[in-house]
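Trainee: Can you keep this structure in mind? I'll have questions shortly.
The values are calculated or read from the model by the stated rules, or taken from the named source; none is laboratory data. As the structure is a prediction and not an experimental result, all values here were calculated from the model. Neighbour counts run over all protein chains shown; Cβ positions are idealised from the backbone, glycine included. With ligands, DNA and RNA removed, areas are computed over all heavy atoms of the protein, side chains included. Shrake-Rupley method; radii C 1.70, N 1.55, O 1.52, S 1.80 Å.
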Amino acid sequence: MKERLVIIGNGMAPGRALERLFELAPDRYEVTIFNAEPRVNYDRIMLSPVLSGEKSFDDIVIHGDAWYVQHGITLYKGCKVETIDRENKTVTATNGITESYDRLIIATGSVPFIIPVPGNSLAGVVSYRDLDDVNTMMLAAKARGRAVIIGGGLLGLEAAAGLNEQGMDVTVVHVHPTLMERQLDPAAGYLLGTAIKARGIKVVTAANTKQILGDKRVTGVELSDGTVLPADLVVMAVGIRPNGVLAKDAGLAVNRGIVVDAQMRTSDPSIYALGECVEVAGQCFGLVAPLYDMANVLAAQLADEEPEGFVPVATATRLKVTGINLYSAGDFAEGDDREEIVLRDAAAGVYKRLILRDHKIIGTVLYGDTADGPWFYDMLKRGVDTSEMRDTLIFGQNYQGGAPLDPTAAVAALPGEAEICGCNGICKSKITDAITGKGLKSLDDLRAHTKASASCGSCTGLVEQLLSLTLGGAYNPAAVLPMCKCTDLGHDDVRRLIIAKDLRSIPQVMQDLEWKTSCGCAKCRPALNYYLVATWPGEYEDDNQSRFINERVHANIQKDGTYSVVPRMWGGMTSPNELRAIADVADKFKIPAVKVTGGQRIDLLGVKKEDLPAVWADLNAAGMVSGAAYAKGLRTVKTCVGSDWCRFGTQDSTGLGIRLEKFMWGSWTPAKVKMAVSGCPRNCAEATCKDVGVICVDSGYDIVFGGAAGLDIKGTEPLCHVDTEDEAVEVIAALVQLYREQGRYLERIYKWMKRVGKESILAAVVTDLDKRRHYHDRFVFSQTFAQIDPWQERVNGKDAHEFAAMAEFGMPQAAE
């Protein structure tokens, strides 16, 4: 019988411990995880690129839902443990769930330190620790207001850079004379401050915060010298404290953090702890590298491997701000028993400093050129005597021996235990062993198997050099990424060959393009189905079984197995008759929730699957069709009231929105498409964060595109100005058709624009009028086959098997 392992917390440290445990003892434990956050495990050190818009949440997920299913893990999301009963070996969450354990791991992480000044609890004052904090900041950034970041350390500067990228006016307030004083010496701190200011971020150093101003919501920050900094958002980034409250309440030994020994055991032999919440030998840790070391020790302990204990080592620091290269490690304080080597290149903005004691590196600070950081750090950890290379040491690994080495040769000279990826604690030998042992041929393959360079990406160059070194000529960094494991072809090649070879069915595509599997997979079948629908309108018959559940049943599945139904409301307009029909349907079918959506629609939540056709029939009878809230297609065209009602309206935005939606509904696209039409530059319909938006002005219509307001937050970019409504419709139809023909499946418009280049899109739909008309006409042609209400089809019996109740089988009876 498996032992019961319960984990409180689902951060990076317990995630790494489980990975290692499943390697060492895959079938020993029945694992249950309580996660206070309502989501899966993600890479917290990559929150800064999410805040800046460089990455989405999906990009930083470490373990998706499928991983937990694969390993038989019970994961309670949004479920915070409130008590540990050590006597009965149970834990109980705030929602009443209780689980028993044989062994328990506490991984409650840390809590942000909030400076004790008046106003620190006002609305608009946030910390910076998790995805919820990032989402709060991104929401605040939509107003393009003023942000004050209290704290000029690592997190504070990353928050400042991210909010600056989101369009806010940012000021950093730091109590010390230079930034990141714990990781940098004053010289590097000065260079960093200069670079931060060059980005338009204001920096105030040697400044103490006196109070945060405001009544109910923050309006500013007052410093001790009387200076007042106006603010709509205040971010506290002044440090963290181990979260040991739960352990302390359970009677475990807690000082600054939860006290553990070198094997990560607490004062209770059945309970372990790891991560930012623990204290080992009087020290607490906040960087990921030591947390991963703890995870490896704990995994070995749980597998009865008798591991060597956790030994703290110097850690390296990088700043995750695009365009600023910074690296520091070890002890760089001055002392009589130390010597330093310094290199400055003012023209190149480079500063390098090595601190040595007894000819051994004990600290390094690099700014501008950080390529040799891992080499210096490896020598620091191994205590290498540098006497023989003293004269050339500061110039880096490539210059040892008097002449520059080939970069690959320099990587080849690193020992197997040299750390390559600091974010994930991955050494050279683990990477090369994975390449040879698993036959990995690409950077993406290597990232998937080892996570090397999958986080901040600063070690990507080193990892690619290891790929080149290990694979030789077989490594091609420019190789096209295949659609999936069923083929070696990329999306663009498949789309091109469908046309070139006149391929008109999924089996024909798989046969002629030599698919490696008999029927494809969940990645390639939906993509192929879309490519064929878009390429051969009116000829290819949509393959319903190649669609995901929401598109198969034309409703969105909910967590309890019921569905939501969203009827289309053209341009956000409705009528009393439609509202009565919705109310009658909700009463008739006992639908438990009716909600107004952000897209100016009404959502009926909790519809049983077998009731869907009947619900649709009643809505159809009132003249309503599917709102396609589930579709990779046009979702909504949001509008304001425009010139019909608004004092500031310049054009009939409602009328244009209705016209666009009635013209474009039903079309399948690579990913969902949301539009909006605002009647004036005040932008009440929020057109500047949609896939396609129109801003009405006195002289006509400004068309914008490429926005996002979900996991990614991105403002639109201007496409063109047109004088008439007819021109606006033509341009938008041409743009969407170009996207339909060039976009990769699941690629949103803003990602497609980034990949193909805005200039090529402008050339096709703005500059060249003949091309615009060509794409417009192709869209019009495809729409003649697309505008069939899927609800009406299923009311009339299509795909009836999808909505039949499951059969019930009783126990068989023996014949007499």
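Trainee: Can you list the lysines whose alpha carbon sits under 21 Å from that of residue 360, skipping same-chain ones fewer than 8 residues off?
Mentor: Cross-link targets: 352, 381.
Trainee: Mind grabbing the accessible area of residue 399 for me, 1.4 Å probe, Å², rounded to tens?
Mentor: Counting only protein heavy atoms, the figure is 100 Å².
Trainee: Under a Cβ-only charge scheme (Lys and Arg +1, Asp and Glu -1), can you give me the dipole magnitude of the range 294-392 about the Cα centre, in debye to the nearest 20?
Mentor: In debye, rounded to 20, the range 294-392 gives about 500.
Trainee: Give me the extension gain from residue 511 to residue 726: residue separation times 0.36 nm, minus the current Cα-Cα distance, reported in nm with one decimal.
Mentor: 73.0 nm
Trainee: Quick one: how many lysine pairs in the range 414-547 have C-alpha atoms under 20 angstrom apart, if they're 8 or more apart or on different chains?
Mentor: 16
Trainee: For a quick check of understanding: with a 1.4 angstrom probe and all protein chains in place, what accessible area in square angstrom does residue 246 have, to the nearest ten?
Mentor: Ignoring ligands and nucleic acids, residue 246 comes out at about 20 Å².
Trainee: For the chain, calculate the relative contact order in percent as a whole number, restricting contacts to Cα pairs under 8 Å that are 6 or more residues apart.
Mentor: 7
Trainee: Restricting attention to the range 61-165, which GluC sites (Glu not before Pro) occupy a DSSP loop and are surrounded by at most 15 other Cβ atoms within 10 Å?
Mentor: 87
Trainee: Continuing with the same structure: From the square roots a ≥ b ≥ c of the eigenvalues of the alpha-carbon gyration tensor of the range 185-334, which class results: rounded (a/c under 1.5), prolate (a/b over b/c), or oblate?
Mentor: Here the range 185-334 falls in the oblate category.
Trainee: Check residue 667: other-chain or 5+ apart residues with amide H under 5 Å from its amide H, H built from backbone geometry?
Mentor: The list, which skips near neighbours in sequence, is 634.
Trainee: Same structure again: Given +1 on the Cβ of Lys and Arg, -1 on the Cβ of Asp and Glu, and no further charges, what dipole in debye does the range 13-114 carry about its Cα centre, rounded to the nearest 20?
Mentor: The dipole magnitude comes to about 200 debye.
Trainee: Order the following by accessible area, largest value first: 174, 359. Probe radius 1.4 Å; ligands, DNA and RNA are ignored.
Mentor: 359, 174
Trainee: Could you tell me the ratio Rg/Rh of the range 121-178? Both radii from Cα atoms, Rh via Kirkwood.
Mentor: Computed over Cα atoms, the ratio is 0.94.
Trainee: Hey, another quick one. Sort 585-598, 772-785 by the packing proxy (mean of other Cβ within 10 Å over each peptide's residues), most packed first.
Mentor: By packing density, highest mean first, the sequence is 772-785, 585-598.
Trainee: Hey, another quick one. Sorting 536, 570 by accessible area (1.4 Å probe), largest first, what list results?
Mentor: Order by accessible area, largest first: 570, 536.
Trainee: Further question on the same structure: May I ask you to rank 137, 1 by accessible area, largest first, using a 1.4 Å probe over the protein chains only?
Mentor: 1, 137
Trainee: Let me ask something else about it. If you take volume of the Cα convex hull per residue in Å³ from the coordinates, which of (i) 231; (ii) 255; (iii) 171 do you get?
Mentor: Given (i) 231; (ii) 255; (iii) 171, the calculated one carries the label (i).
Trainee: To the nearest 20 Debye, how big is the dipole of the chain about its Cα centre, given +1 on the beta carbon of each Lys and Arg and -1 on that of each Asp and Glu?
Mentor: So the magnitude is around 1120 debye.
Trainee: Further question on the same structure: Using a basic spin-label model with each label point 7 Å from the Cα along Cα→Cβ, how many nm lie between residue 759 and residue 697?
Mentor: With each label point 7 Å from Cα toward Cβ, the separation is 2.4 nm.
Trainee: Semi-axes of the range 607-684's equivalent ellipsoid from the Cα gyration tensor, sqrt of 5 times each eigenvalue, largest first, rounded to whole Å?
Mentor: 29, 16, 10
Trainee: Calculate the FRET efficiency for residue 391 and residue 281 from the Cβ-Cβ distance with a Förster distance of 45 Å, rounded to the nearest 0.05.
Mentor: The value I calculate is 0.75.
Trainee: Let me know the shape class of the range 23-95, please: from the alpha-carbon gyration tensor, a ≥ b ≥ c as square roots of the eigenvalues, rounded when a/c is under 1.5, otherwise prolate if a/b is greater than b/c, or oblate.
Mentor: It is oblate, given that a/c is not under 1.5 and a/b is not larger than b/c.
Trainee: Still on this structure: Note down the accessible area of residue 379, probe 1.4 Å, to the nearest 10 Å².
Mentor: The accessible area of residue 379 comes to roughly 10 Å².
Trainee: Something else: Computed FRET efficiency, Cβ-Cβ of residue 27 and residue 83, R0 30 Å: what is it to the nearest 0.05?
Mentor: For R0 = 30 Å, the calculated efficiency reads 0.50.
Trainee: Assuming R0 = 45 Å, what is the FRET efficiency of residue 144 and residue 445, from their Cβ-Cβ distance, to the nearest 0.05?
Mentor: Approximately 0.65, to the nearest 0.05.
Trainee: Check which residues have an amide H placed less than 5 Å from residue 240's amide H, if you skip close sequence neighbours.
Mentor: Placed amide hydrogens put 113 under 5 Å from residue 240.
Trainee: What net charge do the residues around residue 340 carry, taking every other residue with its C-beta under 9 Å from that of residue 340, with Lys and Arg at +1 and Asp and Glu at -1?
Mentor: 0
Trainee: Quick one: how many lysine pairs in the range 125-227 have C-alpha atoms under 23 angstrom apart, if they're 8 or more apart or on different chains?
Mentor: 4
Trainee: Give me the one-decimal nm value for the distance between modelled label points at residue 593 and residue 204, 7 Å along each residue's Cα-to-Cβ direction.
Mentor: 4.3
Trainee: Highest first, please rank the peptides 300-310, 143-153 by the mean number of other Cβ atoms sitting within 10 Å of their residues.
Mentor: Averaged packing, sorted descending, gives the order 143-153, 300-310.
Trainee: If I compute solvent accessible area with a 1.4 Å probe over the protein chains, what percent of it on the chain is carbon and sulfur?
Mentor: Answer for the chain is 51 percent, counting heavy atoms of protein chains only.
Trainee: Collect residues whose amide H, placed 1.01 Å from N in the peptide plane, falls under 5 Å from the amide H of residue 639; neighbours closer than 5 in sequence don't count.
Mentor: Under 5 Å from the amide H of residue 639: 677.
Trainee: Another question, then. If you take the square roots of the eigenvalues of the alpha-carbon gyration tensor of the range 284-364 and sort them as a ≥ b ≥ c, do you get rounded (a/c under 1.5), prolate (a/b over b/c) or oblate?
Mentor: In terms of gyration-tensor shape, oblate.
Trainee: With the contact rule set at Cα under 8 Å and sequence spacing of 6 or more, what percent relative contact order holds for the range 538-633?
Mentor: Reported as a whole number, the value is 37 percent.
Trainee: Also, I was wondering about something else. Would you mind checking the tilt of helix 491-500 against the longest principal axis of the Cα atoms of the chain, expressed as 0 to 90 degrees and rounded to 10?
Mentor: 40
Trainee: Which whole-Hz ³J(HN,Hα) couplings does the range 252-261 yield from phi under the Karplus relation 6.51 cos²θ - 1.76 cosθ + 1.60, θ = phi - 60°, glycine and proline marked x?
Mentor: Once rounded to whole Hz, the list reads 7, 5, 9, 10, 5, x, 5, 6, 10, 8.
Trainee: Relative contact order for the range 224-374 using alpha-carbon pairs under 8 Å, separation at least 6, rounded to a whole percent?
Mentor: 13
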